[in-house]
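The values are calculated or read from the model by the stated rules, or taken from the named source; none is laboratory data. Here the structure is a predicted model, which is why all the values come from computation and not from measurement. No Cβ is skipped: glycine too gets one built from the backbone with ideal geometry, and neighbour counts run over all protein chains shown.
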Amino acid sequence: MRILFLYTELADYTLACLKALKNTKDETEISVVHYPINPEAPFDFDFGETGTFTNIREFKSYNNLKEYVDAFHPEKIVLSGWSNKWYLRICMAYKKRAICILTMDNHWMGTLKQAFFILVFRIVLISVFKKIWVPGEPQKVYAKKLGFKEQHIISGFYCCDVDFYSDLGNRFLALKEESFPKRLLCVARYIPAKNYETLWQAFIQWKAETNNDWELWCAGTGEDFSKRIQHPAVRHLGFVQKKDWDDIIAKTGVFILPSSFEPWSVAVHEFAAAGYPLVLSSKVGASSTFLEKGNGWLFDPFDKRRLISIFREIESLPLESIYVMGAKSIEMAWRITPLSWASALQEV
């Protein structure tokens, strides 16, 4: 089976899924065309023998890309979104020669832009793509609006390296049970949509009101990194490579993501797998799969008082109870795995 992936941004979790696909059937040939590495997510990739990875900038024209695809003879094509015209043209050219699968993480917002898009492109999309692959329930509504029937919608497109993060989490479970680390961890780019400002304000106000000994560690980089808050209890880690998470996971205890806009967030999956209770904004799409009453809290990203009240609740809980919530997160993280991702694609 020859599978072509037309990706925009590559991420480390993508590679974990591709490796699972390759390992389940060694005869599977994988070719990935992708955008340049995002400087706000500068992963160190180890492609190994997973497949062929080609930066789209190596193609000087659509015809160059088409020649490359023709030489590969794909039997399945997975398209990441619909923003790249060259990618769309490839799928249109191959709609009768390969199974074309569209992926997206958009939520249905009911905007005029979305309504116009459906009006103009709905017929084209369902004529070209046999399936649509989405992260979870929040995206299925939009998929149906686009004309895809329930049986043509696949869930679980975004998936972390569950084995890696659960192994890390399990390695430190005994330590955390003995002495739970009073540190919140936020993993997000430093951009407005991640809503760091609300998080920092709420955390600092909570510290001032209760004089507690909790800390907040923030991991990521981005355009607003230079504007980061400076406070003795707030630590900025910068971008963390996958291989460097050990010490951080050992020393932090509760994961928080305050985004005002977040279609999914694979980081939620990663730190659920690593055994963290979750504090998530209601705008985080992954909350629909990985957050329940027994393993965390949901809050309005614009309600600072609610976030402070959650901090107070965490502070008042016995540390053993917080530990139990983390164990529940691990259980929920196995709902989607690289193996289930690979199986979903093979079954199309």
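Is one or more of the residues making up segment 217-232 of a type in the set (Phe, Trp, Tyr) and either in contact with an Asp or Glu (Cβ under 8 Å, 6 or more places away or on another chain) or closer than 19 Å to HIS269 by Cα (or both)?
Looking through segment 217-232, at least one residue is of a type in the set (Phe, Trp, Tyr) and either in contact with an Asp or Glu (Cβ under 8 Å, 6 or more places away or on another chain) or closer than 19 Å to HIS269 by Cα (or both).
Output the number of residues of segment 117-148 satisfying the condition of being over 22 Å from PRO263 (Cβ atoms) and not hydrophobic (A, V, I, L, M, F, W, C).
Of the residues in that region, 2 qualify.
For the condition of a type outside the set (D, E, K, R), closer than 26 Å to ASN170 by Cβ and in contact (Cβ under 8 Å) with a residue 24 or more places away in the chain, what is the one hit in VAL348, VAL279?
Working: VAL348 fails: closer than 26 Å to ASN170 by Cβ.
The unique qualifying residue is VAL279.
Name the helices (runs of 4 or more DSSP H) wholly inside segment 112-216 in which the number of residues that are outside the structural domain of LYS96 (by the TED database) and of a type in the set (Asp, Glu) is 2 or more.
Working: elements: 112-128, 137-145, 162-178, 196-210.
By residue number, 162-178, 196-210.
How about segment 11-38: which of its residues are over 15 Å from TRP341 (Cβ atoms), in contact (Cβ under 8 Å) with a residue 12 or more places away in the chain and not hydroxyl-bearing (Ser, Thr, Tyr)?
Correct list: GLU27, GLU29, VAL33, HIS34, PRO36, ILE37, ASN38.
Determine whether segment 59-76 contains at least one residue that is touching a residue at least 60 places away in the same chain (Cβ under 8 Å), touching a Ser or Thr at 6+ places or on another chain (Cβ under 9 Å) and of a type in the set (Phe, Trp, Tyr).
Keep residues of segment 59-76 that are touching a residue at least 60 places away in the same chain (Cβ under 8 Å), which gives 69, 72-76.
Then keep just the ones that are touching a Ser or Thr at 6+ places or on another chain (Cβ under 9 Å); that gives 69, 72, 74.
Still in the running and of a type in the set (Phe, Trp, Tyr): 72.
Yes: segment 59-76 contains one or more residues that are touching a residue at least 60 places away in the same chain (Cβ under 8 Å), touching a Ser or Thr at 6+ places or on another chain (Cβ under 9 Å) and of a type in the set (Phe, Trp, Tyr).
Does GLU27 meet the test of being under 15 Å from LEU6 (Cα atoms) and in the same structural domain as ARG122 (by the TED database)?
On the way: under 15 Å from LEU6 (Cα atoms): no; in the same structural domain as ARG122 (by the TED database): yes.
So GLU27 fails the test.
Just the residues that are closer than 27 Å to ILE132 by Cβ and either surrounded by 17 or more Cβ atoms within 10 Å (Cβ to Cβ) or hydroxyl-bearing (Ser, Thr, Tyr) (or both), please, taken from segment 60-71.
Let us first name the residues in segment 60-71 that are closer than 27 Å to ILE132 by Cβ, namely 62, 65-66, 68-70.
Selection gives TYR62, LEU65, TYR68, VAL69.
Only one residue in PHE311, PHE302, PHE290 is of a type outside the set (A, V, I, L, M), surrounded by 21 or more Cβ atoms within 10 Å (Cβ to Cβ) and under 27 Å from LYS207 (Cα atoms). Which one? So that I can check it myself, show each step before the final result.
Values: PHE302 fails: surrounded by 21 or more Cβ atoms within 10 Å (Cβ to Cβ); PHE290 fails: under 27 Å from LYS207 (Cα atoms).
Sole residue among the options that is of a type outside the set (A, V, I, L, M), surrounded by 21 or more Cβ atoms within 10 Å (Cβ to Cβ) and under 27 Å from LYS207 (Cα atoms): PHE311.
So, ARG89, is that one assigned to a helix (DSSP H, G or I), within 29 Å of PRO138 (Cα to Cα) and in the same structural domain as TYR7 (by the TED database) or not?
Values: assigned to a helix (DSSP H, G or I): yes; within 29 Å of PRO138 (Cα to Cα): yes; in the same structural domain as TYR7 (by the TED database): yes.
Considered against the rule, which asks whether it is assigned to a helix (DSSP H, G or I), within 29 Å of PRO138 (Cα to Cα) and in the same structural domain as TYR7 (by the TED database), ARG89 comes out as yes.
When segment 39-54 is examined, which residues are found to be of a type in the set (Gly, Ala, Ser) and farther than 18 Å from GLY220 by Cβ?
Scanning segment 39-54 gives GLY48, GLY51.
Looking only at segment 128-147, which residues are out of contact with any helix residue (DSSP H, G or I) (no Cβ under 9 Å at 6 or more places or on another chain) and over 16 Å from GLY81 (Cβ atoms)? Show your work before the answer.
First, the residues of segment 128-147 that are out of contact with any helix residue (DSSP H, G or I) (no Cβ under 9 Å at 6 or more places or on another chain): 139, 141.
Selection gives VAL141 alone.
Mind listing whichever residues of segment 326-339 are at pLDDT 95 or above, closer than 13 Å to GLY253 by Cα and among the hydrophobic types (A, V, I, L, M, F, W, C)?
Residues satisfying the conditions do not exist here.
Of everything in segment 219-257, what is under 25 Å from SER179 (Cβ atoms), among the aliphatic types (A, V, I, L, M) and touching a Phe, Trp or Tyr at 6+ places or on another chain (Cβ under 8 Å)? Give them in sequence order.
Those that are under 25 Å from SER179 (Cβ atoms), among the aliphatic types (A, V, I, L, M) and touching a Phe, Trp or Tyr at 6+ places or on another chain (Cβ under 8 Å): ALA219, ALA233, VAL234, LEU237, ILE248, ILE249, ALA250, VAL254.
Regarding segment 338-347, can at least one residue be identified that is under 21 Å from ALA188 (Cβ atoms), assigned to a helix (DSSP H, G or I) and touching a helix residue (DSSP H, G or I) at 6+ places or on another chain (Cβ under 6 Å)? Let's see the steps before the verdict.
Step one: filter segment 338-347 for residues under 21 Å from ALA188 (Cβ atoms), giving none.
Checked against the condition, which is being under 21 Å from ALA188 (Cβ atoms), assigned to a helix (DSSP H, G or I) and touching a helix residue (DSSP H, G or I) at 6+ places or on another chain (Cβ under 6 Å), segment 338-347 yields no hits at all.
Could you list all residues from segment 102-127 that are at pLDDT 90 or above, in contact with a Phe, Trp or Tyr (Cβ under 8 Å, 6 or more places away or on another chain) and closer than 17 Å to LEU79 by Cβ?
LEU102, THR103, MET104, ASP105, ASN106, LEU125, ILE126 - these are the residues of segment 102-127 that are at pLDDT 90 or above, in contact with a Phe, Trp or Tyr (Cβ under 8 Å, 6 or more places away or on another chain) and closer than 17 Å to LEU79 by Cβ.
If I go through segment 61-82 residue by residue, how many of them are under 13 Å from GLU29 (Cβ atoms) and in a loop (DSSP other than H, G, I, E, B)?
Going through segment 61-82 one residue at a time, the tally reaches 3.
Counting residues that are under 23 Å from CYS17 (Cβ atoms) and either under 13 Å from the mean Cα position of the chain (by Cα) or not assigned by the TED database to the domain that holds GLU178 (or both), which helices (runs of 4 or more DSSP H) fully inside segment 237-303 reach at least 3? If you could, list the steps in order and put the result at the bottom.
Details: elements: 246-251, 266-273, 287-290.
Those helices (runs of 4 or more DSSP H) span 266-273, 287-290.
Which residues, taken from segment 128-139, are within 25 Å of ILE90 (Cα to Cα) and either within 19 Å of the chain's Cα centre (by Cα) or at pLDDT below 95 (or both)? Quick ask: steps written out before the conclusion?
Taking segment 128-139 as the starting set, the residues that turn out to be within 25 Å of ILE90 (Cα to Cα) are 128-135, 139.
Scanning segment 128-139 gives ILE132, TRP133, VAL134, PRO135, GLN139.
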